Amino acid sequence: MSPNIDEKVEPIFKEVLDRNPGEIEFHQAVREVLESLGPVLVKHPEFADHKIIERICEPERQIIFRVPWVDDNGIVQINRGFRVEFNSALGPYKGGMRFHPSVYLGIVKFLGFEQIFKNALTGLPIGGGKGGSDFDPKGKSESEVMRFCQSFMTELYRHIGEHTDVPAGDIGVGGREIGYLFGQYKRITNRWEAGVLTGKGLDWGGSLVRTEATGYGAAFFVDEMLKVRKDSFDGKTCIVSGSGNVSIYTMEKITQLGGKTVACSDSNGYIYDEKGIDLDLVKQIKEIERRRISVYTDTHKHAKYIAKGNIWEIPCQVAMPSATQNEINGKDAALLVKNGCIAIGEGANMPTTPEGVKVFLEAGIAYGPGKAANAGGVATSALEMQQNASRDSWTFEYTEDRLRQIMQNIHKNCYETADEYGTPGNYVNGANIAGFIKVAKAMVAFGVI
Ligand code: NDP
């Protein structure tokens with residue numbers, strides 16, 4: 001249990017723990033939101049009367065299915081697929097799919113729960129959901145990935161649709177996987193229904209800026225937090241963990257805004273390049289060759305590769321965790337603060353443990369939690385849906401401008417809400433409360449459903 005949960009909310013949290021045993025990441029995500037909600041019930045007693053918190057913690061629908069496929073050696077493999085349709089108060093369920101061996105129901109539920117509030121913060125008409133599989137795309141051939149995606153969609157197709165549930169990518173699911181999934185959906189349903197998935201290729205219904213959106217959006221969010229402190233990225237030394245989609249485009253935007261990223265990583269180790277990470281090389285290694293980040297030093301001898309090292313030991317002014325959940329613990333957070341870090345922008349979902357969050361908040365540094373800072377990805381997915389619905393495609397400049405405005409609005413909303421609820425500068429409270437109130441009001445309007 002948490003000492004920070006209001007006594008009116010505590011029994012609800014206990015019920016969540018009892019009803020969802022063993023789902024530790026889900027417990028962590030729920031706890032973090034519920035810690036912010038005590039003061040909301042004081043201002044809005046109707047939310048308690050309507051049991052909004054109890055209802056929001058229970059997914060509307062959870063789908064778990066078998067995904068059988070045949071590998072290149074002719075051997076049958078079996079994975080497990082998930083789609084958790086968490087909340088559709090504000091629009092069709094929307095959220096990515098993660099293919100990673102660590103995926104189980106507790107991970108999908110934590111991500112789906114976060115997604116409800118994140119999507120509400122974008123101001124766009126999207127509900128929250130998430131899905132995925134314990135399939136590991138690493139080391140698989142192209143045709144194995146294709147067969148897996150086809151089998152996955154052969155079950156998933158009956159649950160999704162442009163007005164029902166619109167999946168996208170996440171860890172292990174990028175443009176290649178979305179292509180195979182979309183192809184199979186089209187084949188089974190006999191419908192060319194662009195709005196059923198986002199993150200599509202540019203030649204077949206995708207949106208410019210979607211690939212860059214999460215990373216660009218996270219950097220825009222940090223830029224806003226720095227502006228409040230009369231500061232900017234200019235001349236700042238930055239660390240960005242991961243070297244996947246979010247990490248790459250976070251680094252790109254940091255450079256454009258005048259900062260310098262000196263380290264990035266993958267799950268085997270990290271690269272430290274004091275001249276600044278060569279992003280063209282990272283894109284070549286990761287997006288084209290699909291190799292490990294360690295090969296960076298093959299051509300860049302001056303850089304260092306540290307296997308199994310802790311990237312947060314490197315002194316920096318801005319840190320942007322962009323790999324996975326719980327990658328910054330309390331000790332890492334304390335080290336970052338001690339080494340002079342003034343801003344954290346979470347590209348990943350829940351990358352900081354509760355102990356780490358506490359350190360950042362107590363130190364009073366600018367801390368942008370994932371559900372606010374990384375909302376640019378899903379926001380641009382919603383812009384992709386808008387373009388699909390109007391059979392239109394927008395320019396890069398226009399779409400990026402929309403993304404920037406959305407991130408500025410999210411920042412403003414979180415900042416002002418934190419202030420209104422008596423915790424100025426606390427973006428955790430700001431994001432949780434602003435996101436929750438929007439969903440809660442819609443749920444009250446709909447009655448008990
Ligand atoms: P990618 O698969 O493109 O990249 C993930 C990166 O993180 C890789 O470098 C990977 O290294 C590393 N990583 C993954 N799992 C672990 C782990 N358990 N330990 C250490 N490193 C790990 O995923 P994305 O960039 O899309 O996603 C990164 C984060 O951003 C996730 O938390 C995701 O939920 C979040 N996010 C993504 C959005 C999107 O639009 N894609 C939107 C909002 C949030 P390796 O290759 O070695 O596994």
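Here are a few things to note about the model shown:
- Of everything in segment 262-280 that is part of a loop (DSSP other than H, G, I, E, B) and within 9 Å of the ligand (Cβ to nearest atom), the residue that is most open to solvent (accessible area, probe 1.4 Å) is Ser267.
- Test: Val262 is in contact (Cβ under 8 Å) with a residue 24 or more places away in the chain, under 19 Å from Leu336 (Cα atoms) and within 16 Å of the chain's Cα centre (by Cα): no
Here's the yes/no breakdown for (1) under 16 Å from Gly347 (Cα atoms); (2) within 14 Å of the ligand (Cβ to nearest atom); (3) part of a helix (DSSP H, G or I); (4) within 22 Å of the chain's Cα centre (by Cα):
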{"position": "Val222", "(1), (2), (3), (4)": "yes, no, yes, yes"}
{"position": "Gly235", "(1), (2), (3), (4)": "no, no, no, no"}
{"position": "Val246", "(1), (2), (3), (4)": "yes, yes, yes, yes"}
{"position": "Val282", "(1), (2), (3), (4)": "no, yes, yes, yes"}
{"position": "Arg290", "(1), (2), (3), (4)": "no, yes, no, yes"}
{"position": "Tyr296", "(1), (2), (3), (4)": "no, yes, yes, no"}
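- Of Ala373, Ala382, all but one fail to be closer than 22 Å to Arg229 by Cα, among the aliphatic types (A, V, I, L, M) and touching a strand residue (DSSP E or B) at 6+ places or on another chain (Cβ under 8 Å); the exception is Ala373.
- In segment 417-433, the residues that are part of a helix (DSSP H, G or I) and free of Cβ contacts under 8 Å to residues at least 24 places away in the same chain: Thr417, Ala418, Asp419, Glu420
- Yes/no for Glu193 being of a type in the set (Asp, Glu), under 21 Å from Gly96 (Cα atoms) and under 19 Å from the mean Cα position of the chain (by Cα): no
- Unique match (being within 16 Å of the ligand (Cβ to nearest atom), of a type outside the set (Asp, Glu) and open to solvent by less than 10 Å² (accessible area, probe 1.4 Å)) among Ala323, Ala366, Ala343, Ala379: Ala379
- Listing of helices (runs of 4 or more DSSP H) fully contained in segment 10-110 that carry 1 or more residues being without any contact (Cβ under 8 Å) to a residue 60 or more places away in the chain and under 20 Å from the mean Cα position of the chain (by Cα): 24-34
- When Arg391 is tested against (1) assigned to a loop (DSSP other than H, G, I, E, B); (2) at pLDDT 95 or above; (3) of a type outside the set (A, V, I, L, M, F, W, C), just one condition goes unmet, and that condition is (2).
- In summary, Val240 fulfils each of the numbered conditions (1) within 16 Å of the ligand (Cβ to nearest atom); (2) open to solvent by 30 Å² or more (accessible area, probe 1.4 Å); (3) in the same structural domain as Thr324 (by TED's automatic domain parsing) with the single exception of condition (2).
- Of all the numbered requirements in (1) assigned by TED's automatic domain parsing to the domain that holds Val103; (2) more than 16 Å from the ligand (Cβ to nearest atom); (3) within 22 Å of the chain's Cα centre (by Cα), Gly174 misses one, and that requirement is (2).
- Test result for Ile306, under 23 Å from Arg176 (Cα atoms) and of a type in the set (Val, Ile, Thr): no
- Of all residues making up segment 194-236, the number that are open to solvent by less than 40 Å² (accessible area, probe 1.4 Å), over 19 Å from His411 (Cβ atoms) and either small (Gly, Ala, Ser) or modelled with pLDDT under 95 (or both): 7
- Among the residues listed as Ala372, Ala418, the single one being more than 16 Å from the ligand (Cβ to nearest atom) and surrounded by 16 or more Cβ atoms within 10 Å (Cβ to Cβ): Ala418
- Boolean, Met385 is hydrophobic (A, V, I, L, M, F, W, C), on the phi > 0 side of the Ramachandran plot and either assigned to a strand (DSSP E or B) or touching a helix residue (DSSP H, G or I) at 6+ places or on another chain (Cβ under 8 Å) (or both): no
- Considered as a group, the residues in segment 243-261 that are surrounded by 20 or more Cβ atoms within 10 Å (Cβ to Cβ) and among the β-branched types (Val, Ile, Thr) include one that is nearest to Asp170 (Cα to Cα), and that residue is Val246.
Every residue, every condition in (1) among the aromatic types (Phe, Trp, Tyr); (2) under 21 Å from Ala194 (Cβ atoms); (3) touching a His at 6+ places or on another chain (Cβ under 6 Å), yes or no:
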site: Phe117; (1), (2), (3): yes, no, no
site: Gly131; (1), (2), (3): no, yes, no
site: Pro137; (1), (2), (3): no, no, no
site: Lys140; (1), (2), (3): no, no, no
site: Ser143; (1), (2), (3): no, no, no
site: Arg147; (1), (2), (3): no, no, no
site: Gln150; (1), (2), (3): no, yes, no
site: Leu156; (1), (2), (3): no, yes, no
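- So Glu15, is it in contact with a Lys or Arg (Cβ under 8 Å, 6 or more places away or on another chain), open to solvent by 10 Å² or more (accessible area, probe 1.4 Å), modelled with pLDDT of 95 or more and not assigned by TED's automatic domain parsing to the domain that holds Ser141: no
- Residues that are open to solvent by 50 Å² or more (accessible area, probe 1.4 Å) and assigned to a helix (DSSP H, G or I), drawn from segment 156-174: Tyr157, Arg158
- Among the residues here, Lys130 qualifies as buried (at least 24 other Cβ atoms within 10 Å of the Cβ), in contact with a Pro (Cβ under 9 Å, 6 or more places away or on another chain) and touching a residue at least 24 places away in the same chain (Cβ under 8 Å).
- Failed item in (1) in a loop (DSSP other than H, G, I, E, B); (2) out of contact with any helix residue (DSSP H, G or I) (no Cβ under 7 Å at 6 or more places or on another chain), with Asp401 passing the rest: (1)
The values are calculated or read from the model by the stated rules, or taken from the named source; none is laboratory data. Predicted model only: the values in this text are computed from it and were never measured. Heads up, the Cβs are rebuilt from the backbone with ideal geometry, glycines too, and the neighbour counts pull from every protein chain shown. Ligands, DNA and RNA are stripped out before the accessible areas are found, and what is left, the full protein with its side chains, is counted by its heavy atoms. Shrake-Rupley method; radii C 1.70, N 1.55, O 1.52, S 1.80 Å.
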